[in-house]
Amino acid sequence: MPSELSAPCFLSHLVLLVLSLISVLVRAQNRTALVEPRGTSRVPTPSTPLVPLWGCESPALPVGSLHVVVSTFNADPEQLLPWLWHLGLTNAAIYIYYRIDDMHIQRQYHGTVRLPCGMILNVLPLLPNKGREAATFLHHIVAHYDNLPLAMLLAHDHGPASRHSLCGPFYRRSRAFYRGLGEIREARREESEGPGEGGAAQGKAPKRSDFYRFASMVVTLSSGCIEGWARGCCSAFICSGYRRSCPFTSDNCTRSERTNKRGKSGYRHVYMHQNGMYDSRYENQVLGADGASRPVALLRYVGSAHRSAEMWNITHEYPPDAHRQTRERTLEILNHILERYDFTARRRGYFKSCCASLLVRREAIARWPVELYRDLLAYSMDPAMDYEATKAISGPGWSLWLDRDYTPQDIMTYTRIDYHLRHMQGCPAQFTPQMQALVRDMRSYVEVTPNPETGAD
């Protein structure tokens with residue numbers, strides 16, 4: 001009997017040995033995938049794709065209909081990718097402008113990063129390093145003025161988490177605006193077709209959704225302000241000190257509105273902090289890759305080599321020993337530029353939210369000639385100007401783009417968006433295994449791939 005089983009046993013052991021050898025070879029190949037001869041163009045990818053926490057927006061806008069413009073210093077991927085990845089703005093064009101002379105930055109992004117939802121990544125230098133976010137946003141407007149997208153999202157590199165931004169509102173407003181853009185685009189298509197089949201109904205004003213109305217405004221992405229001037233409910237709600245627009249007039253951040261549903265009148269009571277809204281413990285609670293909440297709140301997205309520890313240090317762009325215009329003279333020059341384009345007579349509103357983090361449609365941008373934006377760009381990047389020149393967007397930008405002076409009823413649209421998208425709360429975790437693997441791949445790619453311009457590292 002033992003002699004009869006010896007041959008099958010030998011064959012089974014041989015098969016197991018061969019399979020083990022194959023497994024070892026595959027694992028060894030995976031470990032050495034990046035160690036290839038110089039001159040190759042292999043694009044490494046993380047083993048497990050990281051899916052946006054709230055999915056990709058659908059229906060989708062055409063490719064490039066929305067530009068997301070990000071102003072940064074050194075484009076640190078550990079700071080930018082964790083929040084950009086989860087925007088979910090399908091087919092959006094992402095533009096990251098960095099302010100140092102380092103070609104490795106473009107290579108590590110363009111060689112490895114493929115954003116989800118069809119978002120297209122563009123990483124570009126903008127030199128010299130003057131003007132901060134004002135120079136970045138104005139440069140982008142000037143560069144694309146003849147072919148403006150449907151809208152632009154203007155953001156700082158910290159994205160949704162900072163001293164003037166909470167994650168929940170940032171993502172809710174971005175996605176609501178995107179949906180509203182789609183509805184506006186569809187409404188205009190129907191209007192162009194005229195009344196009748198496929199077109200708008202004749203003699204009847206169409207009912208517009210909250211998303212449509214939201215995207216018809218210039219929308220701030222700022223909230224949760226802890227600025228020195230910030231006081232009251234609306235500093236937490238929209239980072240605004242403009243009292244004529246603030247819908248919350250009591251200290252407990254509530255508002256009552258008259259309603260009329262199905263012929264029955266009543267009141268709608270709105271509490272700003274309902275369901276943890278505009279409370280950093282909820283809006284900035286860290287979410288893992290699987291969406292599970294972690295018992296910690298995120299203060300800010302920072303990178304390994306970022307200057308966040310000294311973010312108030314402006315001596316890099318404005319050395320203290322350099323001769324410059326005074327603050328007063330710098331602001332006077334700005335006023336002269338604006339008045340050349342009849343700014344005072346043409347402005348339509350006085351509402352303002354802090355920190356140049358906003359969403360604006362192309363119609364608002366196109367209200368002013370490209371020459372104005374060129375003049376403001378030159379002003380913001382002029383080394384002879386005071387630091388105040390960096391506020392050429394956060395200062396007059398709102399007054400340039402408003403179509404009217406917003407009322408409390410306009411601002412209440414934000415609360416309706418909060419209600420519709422109330423499931424979007426929290427900050428995507430910065431250090432997930434997938435994101436850390438991607439960052440490692442980016443840096444490894446630069447190490448093993450030669451510079452395309454010189455053929456050398």
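The values are calculated or read from the model by the stated rules, or taken from the named source; none is laboratory data. Model, not experiment: these values are computed from the prediction. Positions of Cβ are generated from backbone atoms using ideal geometry, with glycine treated the same way; all protein chains shown enter the neighbour counts.
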Given the conditions (1) surrounded by fewer than 10 Cβ atoms within 10 Å (Cβ to Cβ); (2) touching a residue at least 40 places away in the same chain (Cβ under 8 Å); (3) among the hydroxyl-bearing types (Ser, Thr, Tyr), every one holds for Ser265 apart from (2)
Taking the stretch 282-296 and keeping residues within 19 Å of Phe170 (Cβ to Cβ) and free of Cβ contacts under 8 Å to residues at least 40 places away in the same chain leaves Val296
What's the total number of residues in the stretch 96-128 that are in a strand (DSSP E or B) and surrounded by 21 or more Cβ atoms within 10 Å (Cβ to Cβ)? 4
State all residues of the stretch 384-400 that are farther than 16 Å from Val360 by Cα, in contact with an Asp or Glu (Cβ under 9 Å, 6 or more places away or on another chain) and assigned to a loop (DSSP other than H, G, I, E, B); if no residue qualifies, say none. Asp386
First in the stretch 140-158 and in contact (Cβ under 8 Å) with a residue 24 or more places away in the chain, second anywhere and of a type in the set (S, T, N, Q) and part of a helix (DSSP H, G or I), Cβ under 8 Å, 6 or more apart: Leu153/Ser174; Asp157/Gln79; His158/Gln79; His158/Ser308
If you take the residues in the stretch 356-381 that are over 23 Å from the mean Cα position of the chain (by Cα) and not hydrophobic (A, V, I, L, M, F, W, C), which one is farthest from Ile184 (Cα to Cα)? Tyr379
Which residue is surrounded by the most Cβ atoms within 10 Å (Cβ to Cβ), if the candidates are limited to the stretch 328-347 and must be within 30 Å of the chain's Cα centre (by Cα) and within 10 Å of Asp386 (Cβ to Cβ)? Thr330
Restrict the check to the stretch 107-117 and report whether at least one residue is modelled with pLDDT of 95 or more, over 19 Å from Asp441 (Cα atoms) and under 15 Å from the mean Cα position of the chain (by Cα). yes
May I ask you to verify whether Val63 is touching a strand residue (DSSP E or B) at 6+ places or on another chain (Cβ under 9 Å), closer than 25 Å to Val439 by Cα and hydrophobic (A, V, I, L, M, F, W, C)? no
Which of the helices (runs of 4 or more DSSP H) contained wholly in the stretch 271-383 include at least 2 residues that are in contact with a Gly (Cβ under 6 Å, 6 or more places away or on another chain)? 280-283, 370-381
Test result for Arg294, exposed (fewer than 12 other Cβ atoms within 10 Å of the Cβ), at negative phi, within 24 Å of the chain's Cα centre (by Cα) and at pLDDT 90 or above: no
Among the residues of the stretch 372-417, which ones are of a type in the set (Gly, Ala, Ser) and within 26 Å of Pro128 (Cα to Cα)? Ala378, Ser380, Ala384, Ala389, Ala392, Ser394, Gly395, Gly397
Going by what's in this entry, would Tyr373 be described as of a type outside the set (Gly, Ala, Ser) and surrounded by fewer than 16 Cβ atoms within 10 Å (Cβ to Cβ)? no
Restricting to the stretch 131-145, give me the number of residues that are surrounded by fewer than 19 Cβ atoms within 10 Å (Cβ to Cβ) and assigned to a loop (DSSP other than H, G, I, E, B). 0
Which of the residues that make up the stretch 46-95 are buried (at least 19 other Cβ atoms within 10 Å of the Cβ) and on the phi > 0 side of the Ramachandran plot? Ala75, Gly88
Determine whether Arg367 is of a type in the set (Lys, Arg), modelled with pLDDT of 95 or more and more than 30 Å from Leu299 (Cβ to Cβ). yes
Mind listing just one residue for me: the one in the stretch 401-437 that is among the β-branched types (Val, Ile, Thr) and not in a loop (DSSP other than H, G, I, E, B) and, of those, farthest from Arg243 (Cα to Cα)? Ile417
So which pairs qualify, if the first residue must be in the stretch 235-259 and within 26 Å of Pro160 (Cβ to Cβ), the second must be of a type in the set (Lys, Arg) and not in a helix (DSSP H, G or I), the Cβ gap must be under 7 Å, and the two must be at least 6 apart or on different chains? Ser240/Lys352; Tyr242/Lys352; Pro247/Arg255; Phe248/Arg255
